[in-house]
Amino acid sequence: MSASQRALVTREPTRLRAARFGGQARAGARAAQLLQKLGLTRDWDLLLHTPQRYRDESTLTAIRDLVPGEEAQVEAVVEACQVVFRGRRQLVATLRDGSGELIVRLLHFFPSHQTLLEAGRRIRAMGVVRGGWAGVEMVHPQLRAADDAALPDRLTPVYPTTEGLPQAWIRRRIDRLLATAVQDDTLPEAVRIEHGLPDLATVLRFLHHPPLRTDLQALAERRHPMWERLKFDELLAQQLALRRARQERQRRAAPAVQADADRAGLTGKLLRSLPFALTAAQRRVWAEVERDLAASVPMNRLIQGDVGSGKTVIAALAAARAIESGWQAALMAPTELLAEQHFLRIEQWLAPLEIEAVWLTGRLRAAERRSALQALQQGRARLAIGTHALVQREVRFANLGLAIVDEQHRFGVAQRLALRDAAFAPHLLMLSATPIPRTLAMTYLADLDVSVIDRLPPGRQPVATKLVARRRRDEVLQKIRAEVGAGRQAYWVCPSIEEGKNTEASAAIRVFEDTRASLPELRIGLLHGALAPRERSAVMQSFVQGQIDVLVATTVVEVGVDVPNANVMVIEDAERFGLATLHQLRGRIGRGTQRGACVLLYDEPLSEAARERLKIVFDSNDGFEIARQDLRLRGPGEFLGARQWGLPLLRFADLERDQQLLERARQAAAALLLQHPQAARRHVQRWLPQATEFLDA
Ligand code: ADP
Ligand code: MG
């Protein structure tokens with residue numbers, strides 16, 4: 001236990017103490033506030049607030065036998081106690097049992113401590129023994145009067161807590177609940193027995209108060225059989241929520257979107273007008289989307305494809321299909337830059353087909369915005385492309401039949417769901433370049449159908465990646481000169497520093513100045529998030545049209561940007577980027593038929609972790625492999641970005657380790673919904689109150 005934790009255990013907090021004098025009600029309110037800080041609002045949350053460790057208070061050690069450095073409990077009589085000044089005020093008591101003398105030292109103390117340590121009282125002190133100059137001592141041991149209780153016959157829980165909330169208080173509170181609240185087991189007995197799981201009350205009592213001599217290592221690592229039940233319940237709740245979301249959706253009416261030869265035949269025209277033929281992978285995915293669109297339940301499909309695999313054209317085809325069937329379509333992108341790129345490209349594809357598209361972001365002028373909204377509401381505009389401005393309240397579609405969300409992992413689930421309404425749900429198509437490993441897909445995305453574009457368009461050459469130390473920057477400049485000389489363009493990417501747009505911009509501006517000085521004969525452009533949108537799009541357009549040779553940019557170019565002639569990318573301070581970002585960035589190049597080159601510039605010396613990360617990107621061009629490694633290094637919580645996929649991440653179960661349990665939970669979820677719908681509902685409510693809100697909304 002660290003010093004600060006120990007302090008939490010023993011120090012009596014000022015605020016709660018003050019509250020105690022102020023009356024029960026205030027203390028209760030204050031405690032509730034502190035509990036909330038720990039995320040504990042319901043009784044159930046408290047029951048799941050499992051100990052961070054346990055203490056064995058079942059034995060007493062004679063003072064003579066105390067070993068410095070070890071934790072022990074003694075029972076002894078206070079011989080003397082006084083406040084002394086040794087640099088600061090402290091309370092020092094001398095304790096004596098039949099075998100020797102122990103000093104107890106409190107650096108923070110309250111009158112209650114002085115009462116407890118009055119001379120003549122028999123107390124128990126538990127703490128780490130220190131060898132002081134005058135004999136053994138304990139600093140801030142846990143203290144209690146000895147006369148009140150027999151020694152416990154179970155391990156004592158030590159809970160995670162927060163400043164102001166004493167251990168003893170949490171312990172009492174949880175014990176009270178253990179005695180009453182756990183009677184309600186949401187898992188029907190038959191299901192429980194079928195899966196060989198213990199009942200909930202037994203499990204919770206065990207985890208809060210394990211018997212002496214329990215395998216604490218197994219308990220700490222959640223390998224202990226008692227954990228199995230909680231992990232199962234957690235996975236089950238998630239599977240139930242996902243299944244219910246799916247059922248819910250399937251009860252809704254879908255827009256009928258069918259190929260119709262008599263009508264405009266837009267998709268056919270679009271296919272014929274493309275400058276390329278679809279790959280086999282794209283054809284397969286388009287067929288899946290086509291089939292979903294024609295079905296009577298709303299589509300809920302995720303297209304996964306590595307960067308550059310050609311997801312946009314599938315989105316455009318789906319939009320054309322919706323439009324030719326008389327519906328409107330909307331495409332939402334996570335950044336303004338990307339939305340604009342989509343708009344320009346898709347408009348270029350669709351304009352010859354006489355489809356009116358509008359463009360909607362948060363930064364439109366009032367008049368432009370008004371006319372765009374009107375065009376959508378009156379149904380004149382058949383297609384809307386934009387940022388999350390599309391899901392704001394004022395945006396009304398005449399008849400939205402299809403919503404497309406690009407780079408969907410960047411949106412929260414709330415935004416994803418906002419494109420629907422209650423009785424009627426447009427088809428939903430999501431695109432993502434972040435590959436989700438199978439286990440995650442099974443849990444977090446179990447309510448989605450997934451199509452994978454598993455091949456890049458033909459003629460692509462894998463990007464050659466190089467790791468280059470910053471002191472060799474000159475060689476990189478040479479390389480850029482040569483590439484630009486051969487008619488290509490380059491990106492020069494600077495890290496986006498979290499603190500804010502200004503620092504981020506200033507890093508980019510510095511690199512921009514450097515690069516301009518080093519390559520005076522080239523046309524250098526600068527793109528960062530702090531530019532006004534108009535400037536940004538002007539710079540991007542010049543780059544697209546080849547009027548800029550080297551584009552110095554922050555990660556605003558990370559997603560979606562598509563300039564096939566730009567074939568070299570330098571990433572500054574590459575060690576500061578995450579794996580997914582590096583892969584996304586690199587995906588901007590190698591889009592033409594020439595072999596692209598990506599230079600990862602790093603500062604020496606590299607940390608072990610940074611070296612490992614860079615090596616992964618160096619070794620592989622495969623987004624799935626990189627994602628797997630990323631998952632391995634960071635764990636699922638970090639990997640997905642907490643809550644981004646809409647359901648809370650797992651707290652007890654571990655997807656890698658508990659795969660079998662996950663499989664069983666999946667089966668149980670199906671059975672439970674059929675045979676015990678009420679129990680299923682209560683179970684989800686208990687474990688995932690937020691998900692219940694979503695589903696009932
Ligand atoms: P992403 O899947 O990363 O969104 P894009 O849709 O931006 O990829 O496509 C990447 C590039 O590949 C674009 O320039 C696009 O026009 C081109 N492309 C897409 N499909 C094909 C294809 N079948 N053959 C050749 N080029 C294609
Ligand atoms: Mg894309």
For this session: Order these peptides, 38-46, 662-670, by their mean beta-carbon neighbour count within 10 angstrom, highest first.
Result: 662-670, 38-46
Exercise. Within the stretch 141-167, whose backbone N sits under 17 Å from a point 7 Å along Cα→Cβ of R53?
Worked result: 141-143, 155-162, 167
Seminar exercise, completed: Using alpha-carbon positions, the gyration tensor of the stretch 464-620 gives root eigenvalues a ≥ b ≥ c; with a/c under 1.5 called rounded, otherwise prolate if a/b exceeds b/c, else oblate, the class is rounded
Exercise. What is the packing order of peptides 542-552, 282-292, taking the mean over residues of other C-beta atoms within 10 Å and listing the highest first?
Worked result: 542-552, 282-292
Exercise. With r defined as the distance between the Cβ atoms of A287 and V468 and R0 fixed at 56 Å, what FRET efficiency is calculated, to the nearest 0.05?
Worked result: 0.80
For this session: Report the FRET efficiency, 1/(1 + (r/R0)^6), for L107 and L151, where r is their Cβ-Cβ distance and R0 is 30 Å, rounded to 0.05.
Result: 0.60
Exercise. Rounded, prolate or oblate: which fits the stretch 59-151, taking a ≥ b ≥ c as square roots of the Cα gyration tensor eigenvalues, rounded meaning a/c under 1.5, else prolate when a/b beats b/c?
Worked result: oblate
Seminar exercise, completed: Simple spin-label estimate for Q33/T115, 7 Å along Cα→Cβ, in nm, reads 2.4
Exercise. Taking the Cα-to-Cβ direction at Q675 and at R213 and moving 7 Å from each Cα, how far apart do the two end points lie in nm?
Worked result: 3.8
Exercise. Which FRET efficiency, nearest 0.05, do R64 and A609 yield, Cβ-Cβ r, R0 35 Å?
Worked result: 0.10
For this session: Can you put L212, L360, L60 in order of Cβ neighbours within 10 angstrom, beginning with the fewest?
Result: L212, L60, L360
Seminar exercise, completed: Env charge @ L155, Cβ radius under 11 Å, K,R +1 / D,E -1, value +1
For this session: Report the full-extension gain for the segment E189 to Q461: residue separation times 0.36 nm, less the Cα-Cα distance, to one decimal in nm.
Result: 92.1 nm
Exercise. Listed here are the pairs K231/K615; K231/K311; K311/K615; which of them are more than 32 Å apart at the Cα?
Worked result: K231/K615; K231/K311
Exercise. With a 10 Å Cβ neighbour count serving as the proxy for reagent exposure, in which order, fewest first, do Y491, Y54 appear?
Worked result: Y54, Y491
Exercise. Using alpha carbon centroids, what distance separates the stretch 136-175 and the stretch 31-82, in Å?
Worked result: 3
Problem set entry | Local electrostatic count at A295 - Lys and Arg +1, Asp and Glu -1, tallied over other residues with Cβ under 15 Å | +3
Exercise. Per residue of the chain, what 222 nm ellipticity follows from adding -39500 (n - 2.57) for every DSSP H run with n ≥ 4, rounded to the nearest 500?
Worked result: -13000 deg cm²/dmol
For this session: Determine the gain in length on full extension of the stretch N399-R96; use 0.36 nm per residue of separation and subtract their C-alpha separation, reporting nm with one decimal.
Result: 100.7 nm
Problem set entry | Gained length - R272 relative to D622, 0.36 nm times residue gap less alpha-carbon distance | 122.9 nm
Exercise. Semi-axes, largest first, in whole Å: what does sqrt of 5 times each Cα gyration tensor eigenvalue give for the chain?
Worked result: 58, 34, 23
Problem set entry | Footprinting exposure proxy for R89, R96, R213, R588 (fewest neighbouring C-beta atoms within 10 Å first) | R213, R89, R96, R588
Exercise. On a 0 to 90 degree scale, rounded to 10, what angle separates helix 225-250 from the longest Cα axis of the chain?
Worked result: 30
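Quick note: the coordinates plus some simple rules give every number you see, no bench work behind them. Just so we're clear, the structure is a prediction, and the values are computed from it rather than from any experiment. We place every Cβ from the backbone using ideal geometry, glycine too, and count neighbours over all the protein chains shown.
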